[in-house]
Amino acid sequence: MPIHKYQEILEKLQEDINSGHYKPGQRLPSEPELVRRYSTSRMTVFRAMRELQTLGLVTRKVGSGTYVAEKKSVDSHVFGLLIPDLGQTEIFETICQGMMEAPQALHHALLWGNTASRGNDRAETAEQLCRHYIAKNVSGVFFAPVEFNAERNAVNHRIVAELDRAQVPVVLLDRCLEPYPDRSRYDLIGIDNRRAAYHLTEHLLNAGAQRIAFFGRPNSAPTVDARISGYREAIHILAKDMPARVHLGDPEDTKLLQSVMKKHSPDAFICANDDTAGRLIHTLLTIGKRVPEDVRVAGFDDVKYASLLPVPLTTMRQPCKQIGQSALSVMLERIAMPDLPTRDVLLGCELVVRKSCGGTVPTVAKS
């Protein structure tokens, strides 16, 4: 993966500070100097300098410049990972890997908790892990709210309430606490789900689909509601005569799918994620429907097995490592500046076109 320009500047200045090339109290090159040296924009240099400040390596003096901090050693933090789907949903492992590979991760540690249980047990385990992190006096918690549980809203609010009482900062991964389109008061790092679903729907329309439906599981995270919203918006704007149909259920339920096909005859499904899409493809094949000749299918995430399904899956690829890197930056900024406004950091996706929507050669397009 290519290194972004700001990371190059950040890592070089970190190296120069840690090696003693720039000594405590010494003024660093000015931003205009760094712009010329690295042939980049002022905003890119500003971002690198801001992260150095967040790490505690420099201090900035208005009207004077940026100086190496007198105390070279930075505070080390231990962060808790409260991710009920860790080990179950592939994207979170890559997100955590992105955190560990971030330039700022050198001075910090992540605690991985075991939440590999299901249903109500998973929610109970998440609450226990929350209390464990509070007892460990962690500096912050990265939290992916519980889903696929009828009591998920109450569980998620109990967890953040306990963290609030303990004054532990929270950064949300992938999904919000509140039903879409409501917003919680915690920083959120993920993708622009509404926009991604809009573009995926647009792609299927351009591929010739005339009756596109959305399929998801009940009690899903608010990300799925955002994807449904993007799907509905695309149908409304781009295909005004096409009804928007949303089906929530078990993608392996043969009777349900037969009923949907008989009643509405969809010729394409946008699925809430790749797991749902993969199971739906198997069920479609079981009931005698060909993919993509009879029904096109597309999903979200681009997990490893997406290209290995009986019909390779068209999907929206999440930039998981970048989500992890951004999450760590936001957490450190939240600790350094607690009064910052609540932020959504929403990254773009890539459309990966494979055979399940009628594509013959895998292609990737920015969204």
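The table below lists the values:
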read-out: Some residue of the stretch 244-264 being in contact with a His (Cβ under 9 Å, 6 or more places away or on another chain), buried (at least 20 other Cβ atoms within 10 Å of the Cβ) and assigned by TED's automatic domain parsing to the domain that holds Arg232; value: yes
read-out: Residues of the stretch 121-149 classified as more than 24 Å from Asp225 (Cα to Cα) and surrounded by 16 or more Cβ atoms within 10 Å (Cβ to Cβ), total; value: 10
read-out: Search result, residues across the stretch 188-204 that are among the hydrophobic types (A, V, I, L, M, F, W, C) and outside any helix (DSSP H, G or I); value: Leu188, Ile189, Ile191
read-out: The stretch 254-280: number of residues that are part of a helix (DSSP H, G or I) and touching a residue at least 24 places away in the same chain (Cβ under 8 Å); value: 13
read-out: The stretch 1-41, residues that are touching a Leu at 6+ places or on another chain (Cβ under 9 Å) and of a type in the set (D, E, K, R); value: Asp16
read-out: Cβ pairs under 8 Å, 6+ apart, first in the stretch 88-105 and part of a helix (DSSP H, G or I), second of a type in the set (Ser, Thr, Tyr); value: Gln104/Thr54; Gln104/Ser329
read-out: Subset tally (residues that are in contact with a helix residue (DSSP H, G or I) (Cβ under 8 Å, 6 or more places away or on another chain), surrounded by fewer than 24 Cβ atoms within 10 Å (Cβ to Cβ), assigned to a helix (DSSP H, G or I) and not β-branched (Val, Ile, Thr)) for the stretch 205-230; value: 4
read-out: Unique residue being crowded, with 23+ Cβ neighbours inside 10 Å, out of contact with any Phe, Trp or Tyr (no Cβ under 7 Å at 6 or more places or on another chain) and not small (Gly, Ala, Ser) when the list is Arg175, Arg152; value: Arg175
read-out: Residue in the stretch 293-312 that is closer than 23 Å to Leu106 by Cα, assigned to a helix (DSSP H, G or I) and hydrophobic (A, V, I, L, M, F, W, C) present; value: no
read-out: Of residues in the stretch 281-292 being out of contact with any helix residue (DSSP H, G or I) (no Cβ under 6 Å at 6 or more places or on another chain) and assigned to a loop (DSSP other than H, G, I, E, B), the one surrounded by the most Cβ atoms within 10 Å (Cβ to Cβ); value: Lys289
read-out: Members of the stretch 163-187 found to be closer than 16 Å to Thr223 by Cβ and either modelled with pLDDT under 95 or in a loop (DSSP other than H, G, I, E, B) (or both), listed by number; value: Asp174, Arg175, Cys176, Leu177, Glu178, Pro179, Tyr180, Pro181, Asp182, Arg183, Ser184, Tyr186
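A quick yes/no check of all residues on (1) touching a residue at least 12 places away in the same chain (Cβ under 8 Å); (2) of a type in the set (Lys, Arg); (3) at positive phi:
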| site | (1), (2), (3) |
| --- | --- |
| Asn156 | yes, no, no |
| Val160 | yes, no, no |
| Leu163 | yes, no, no |
| Val168 | yes, no, no |
| Val171 | yes, no, no |
| Asp174 | yes, no, yes |
| Ser184 | yes, no, no |
| Arg194 | yes, yes, no |
| Ala197 | yes, no, no |
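The values are calculated or read from the model by the stated rules, or taken from the named source; none is laboratory data. None of these values were measured; they are calculated from a predicted model. No Cβ is skipped: glycine too gets one built from the backbone with ideal geometry, and neighbour counts run over all protein chains shown.
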